[in-house]
Amino acid sequence: MDGSLVSVNRIKLEDLMTLEQYDQERPSFRQVAMTHKRNRQGSIGPDIILCFEDRTTILYQIQEMLRTERTFERAGIQEELDAYNPLIPDGSNLKATMMIQIPDVEERRIALARFVGIENCCWIRAENEKLVYAIPDEDMERATTDKTSAVHFLRFEFPIRTRDAIKRGGHFSIGIDHLAYQHSLDPTPVSLADFLRKDLKEPQ
């Protein structure tokens, strides 16, 4: 991991708007952030979306969380920064929020029981390299033996060969190989792939 890159990407107190400032800027900031976020999403089959996070998406989430909870004290703001900063990629990896989106409540309940362990089955493959499986939910456990969660946080930590293959513009795919859910983006759409390549920086 490149420490200098982590430092540059990290969101600090001085990067945030106050609640009053954010209230004024929110309409325009939200529009930009949501467009940016949609460009970084990929649908893996009919029910699952991966949203690949970066500094902009996480900054938006922090500002929204502070607004919702009306947090203005320095200690509370720092707690949010400490919780969300680890979700920003640091150059050797990609980080994503996995969302299981099934509108019907009963169908979703049944699916979450069928999808136990699915967070361990998400992968990225570059050209002829081996599958790289996501490391899920490093902050806390979100699944039980009976059901998985509708939301998981994933880190794809790449070997140098895989990272270099993605960066140089090679074909790569994203998929899930759970017994009850096997789908992939193959290849990854060019627009999404271009965004993700920018997240992978040369080590110093």
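We did not get these values from a lab; they are worked out from the coordinates using the rules stated. Quick caveat, the model's predicted, so the values are computed rather than measured.
Given the Cα atoms of region 113-187, and with Rh set as the inverse mean 1/r over their pairs in the Kirkwood sense, what is Rg to Rh to two decimals?
1.02
Please compute one quarter of the surface area of the Cα convex hull for region 144-186 and express it in square nanometres.
Numbers: hull surface 17.7 nm².
Approximately 4.4 nm², given one-decimal rounding.
For the chain, modelled as a GNM with alpha-carbon contacts under 10 angstrom, which of P27, P136, P46 fluctuates the most?
Sorting by GNM fluctuation, first place goes to P27.
Can you give the calculated 222 nm mean residue ellipticity of the chain, where each DSSP H run of n ≥ 4 adds -39,500 (n - 2.57) and the sum is split over every residue, rounded to the nearest 500 deg cm²/dmol?
That comes out to -12500 deg cm²/dmol.
For the chain, take the alpha-carbon Rg, divide it by the Kirkwood Rh, and send me Rg/Rh.
My calculation puts Rg/Rh at 0.97.
GNM, the chain, Cα, under 10 Å: largest mean-square fluctuation among L131, L87, L50?
Answer for the Gaussian network model of the chain: L131.
Across region 118-130, in residue order, what do the Karplus-derived ³J(HN,Hα) couplings come to in whole Hz, using 6.51 cos²θ - 1.76 cosθ + 1.60 with θ = phi - 60° and x for Gly and Pro?
Running phi through 6.51 cos²θ - 1.76 cosθ + 1.60 with θ = phi - 60° gives 5, 5, 8, 10, 8, 9, 10, 10, 9, 6, 9, 6, 6 Hz.
Give the cross-link partners of K130 among the lysines, using a straight C-alpha distance below 26 Å as the criterion and excluding same-chain residues fewer than 8 apart.
Counting by Cα, and skipping residues close in sequence, K130 has these lysines nearby: K95, K167, K198, K201.
Once the piece of chain linking Q101 and D82 is laid out straight, how much longer is it, given 0.36 nm per residue of separation minus the C-alpha distance between them?
Contour length minus the Cα-Cα distance gives 4.1 nm.
Determine Rg/Rh for region 54-175; Rg is computed over alpha-carbon atoms and Rh is the Kirkwood hydrodynamic estimate from the same atoms.
1.03
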